Each structure stands twice: as C-alpha cells, then as structure tokens.
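What follows is one structure encoded as structure tokens, with my remarks underneath.
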Amino acid sequence: MRVEREGEGKIPIEKAIGDELRKGGLSLGTAESCTGGLLSHRITNVSGSSDYYKGGIVAYSNEVKRKILHVAEKTLEEKGAVSAACAREMSSGVIKLLDADIGIATTGIAGPTGGTPDKPVGLAYIALATKEYVYHEKHIFQGDRGENKRETVDAALEMFKASLKRARSSE
C-alpha cells in the first residue's frame, strides 16, 4: 500500500505513518495475533523506525493474551479471542506494557481452518488505542491465509493513518 504526498512521489504507508509519529513525538506498540508479526515487520522495514516504534508482542495463545497483555479471562471466555473486545484489550494492554502512546492490535481467523458460521475464515478485528480512547474495526477478508494476513495489516495501517489525519485536523 502506498500513499501520495504533496510535493513527493509515492511513499509506503508505513513510512508516511512513521514520519507523522516522529513529527508528533509519539511512540507505537503492536499486539498481534492473526498477523503473527507481519504488522511489526512492515513498521520496522522503515529505516529509523526505532525513533518511534517501541516493540510488539505476538500473542498467538490465549495464555499470552491474558498474562502479558492483560486481556480479561471473562473476555476470552465470553467473547473469544477473535472479538472486538479482545482486540480492544490487546491494544490497551500493549500501551501499558511498552509505555507507548499508541497501541495497535490485530486478532482474527486467517484460515484456511478455524472458521465457524459466526466467525468465518477471514474475520479480523483491528483496534487502535491511545491513553484517552480505543477504536476498533471489523473486517471479513476473502483471501487465502497469506492474503488475509496481508489485508489485515493493510487495513490496520490505513486505520492508523486515518486516525493520525483526524488528530492532525483537530489541532
């Protein structure tokens, strides 16, 4: 995914986001389940990302979600690991864990197995948290495992870019 910036050629979205984070003096942490570190990989592909990226947790098991990111046992039991509630708690948890300004979390069912009628393959929840608020989106992608993971990361980066744009316009 590439974005157009005035006066420049196309640049990768992760670089544009990094530029905004650096300019705002903000830090970022990630909590990933279904994307297995792909979001962190995209962010750290940008030279100088250590200026704003604190790190990430790949919380594939519920135990890691619970023990490291402090997702409530009740959330996991009642809503499940693939839920808006879990994504929201993961994004808030990574902020606290890494002392970051912003947290992004992904959880979903990449496939090809694991889907149910209520939670089909391709279902993904993405949450973005700051210390003031938490926002989430639900997506259902139609690709294979790799495509679902890539599309989840693309959607997370787009969601993040839009939130930075909204924050900048409210200043």
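I need to check one value: relative contact order of segment 7-76, counting alpha carbon pairs closer than 8 Å and at least 6 residues apart, in percent.
Value for segment 7-76: 32 percent.
Can you list residues whose amide H is under 5 Å from SER27's amide H, if they're 5+ apart or on another chain and H is modeled 1.01 Å from N?
Hits under the 5 Å cutoff: ASP101, ILE102.
Applying the Karplus parametrisation 6.51 cos²θ - 1.76 cosθ + 1.60 with θ = phi - 60° to the phi angles of segment 44-61, what ³J(HN,Hα) value in whole Hz is obtained for each residue in order, glycine and proline being reported as x?
With the stated coefficients, segment 44-61 comes to 7, 6, 8, 4, x, 5, 5, 5, 9, 8, 7, x, x, 10, 9, 9, 6, 9 Hz.
By how many degrees, between 0 and 90 and to the nearest 10, does the Cα long axis of helix 84-98 differ from the longest principal axis of the chain?
60 degrees
Per residue, how much accessible surface does the chain expose to a 1.4 Å probe? Answer in Å², no decimals.
Here the residues of the chain average 51 Å² of exposed surface.
Obtain the radius of gyration and the Kirkwood radius of the chain from its C-alpha atoms and give Rg over Rh.
0.96
If you build the convex hull over the alpha carbons only and average its shadow over all orientations, what do you get for segment 27-105? Give it in nm² to one decimal.
Spelled out: convex hull of the Cα atoms, projected over all directions, averaged, 4.4 nm².
Taking θ = phi - 60°, what integer Hz values does the Karplus form 6.51 cos²θ - 1.76 cosθ + 1.60 yield along segment 120-132, in sequence order, with x for Gly and Pro?
x, 4, x, 5, 9, 10, 10, 10, 10, 10, 10, 6, 9
Enumerate by residue number the GluC sites (Glu not before Pro) in segment 108-166 meeting two conditions: DSSP loop (anything except H, G, I, E, B), and at most 16 other Cβ atoms within 10 Å of the site's Cβ.
For GluC sites (Glu not before Pro) across segment 108-166 that sit outside H, G, I, E and B with at most 16 neighbouring Cβ atoms in 10 Å, the list reads GLU132.
For PHE141, enumerate residues with amide H under 5 Å from its amide H, sequence gap 5+ or separate chain, H modeled in the peptide plane.
Here the answer is LEU123, ALA124, since their amide H atoms fall under 5 Å of that of PHE141.
In whole Hz, what ³J(HN,Hα) sequence does segment 102-108 give by Karplus (6.51, -1.76, 1.60; θ = phi - 60°), x for Gly and Pro?
Per-residue couplings from phi come out as 9, x, 10, 10, 10, 8, x Hz.
Put THR113, THR107 in order of accessible area, largest first, 1.4 Å probe: what do you get?
My answer, sorted largest first, is THR113, THR107.
Check which residues have an amide H placed less than 5 Å from GLY111's amide H, if you skip close sequence neighbours.
GLY122
Quote the accessible area belonging to LYS165 in square angstrom, nearest 10, computed with a 1.4 Å probe and with ligands, DNA and RNA left uncounted.
130 Å²
Mind checking which lysines have their Cα closer than 17 Å to the Cα of LYS138? Skip sequence neighbours fewer than 8 apart in that chain.
Candidates past the 8-residue exclusion: LYS79, LYS119, LYS149, LYS161.
When the helices in the chain are scored as -39500 (n - 2.57) per DSSP H run of 4 or longer and the sum is shared across all residues, what 222 nm value do you end up with, to the nearest 500 deg cm²/dmol?
The per-residue figure over the chain is -13000 deg cm²/dmol.
Calculated FRET efficiency, ASP19 and ASP99, Cβ-Cβ r, R0 25 Å, to nearest 0.05?
Here the calculated transfer efficiency is 0.70.
With a 1.4 Å probe and every protein chain kept in, tell me what percent of the accessible surface of segment 90-141 is carbon plus sulfur.
On segment 90-141, the fraction of accessible area on carbon and sulfur atoms equals 55 percent.
When DSSP assigns beta bridges and you keep just the ones with both residues in the chain, what percent turn out antiparallel, to the nearest 5?
Beta bridges within the chain, antiparallel portion: roughly 60 percent.
Straight distance only, please: which lysines reach the Cα of LYS131 with their own Cα at less than 16 Å, same-chain residues fewer than 8 apart left out?
Hits, sequence-local ones excluded: LYS54, LYS96.
The values are calculated or read from the model by the stated rules, or taken from the named source; none is laboratory data. Nothing here was measured: the structure is a model prediction, and the numbers come from that model. Cβ coordinates were reconstructed from backbone atoms using ideal geometry, including for glycine residues, and neighbour counts include every protein chain displayed. These area figures cover heavy atoms from the full protein model, side chains too; ligands, DNA and RNA do not enter into them. Shrake-Rupley method; radii C 1.70, N 1.55, O 1.52, S 1.80 Å.
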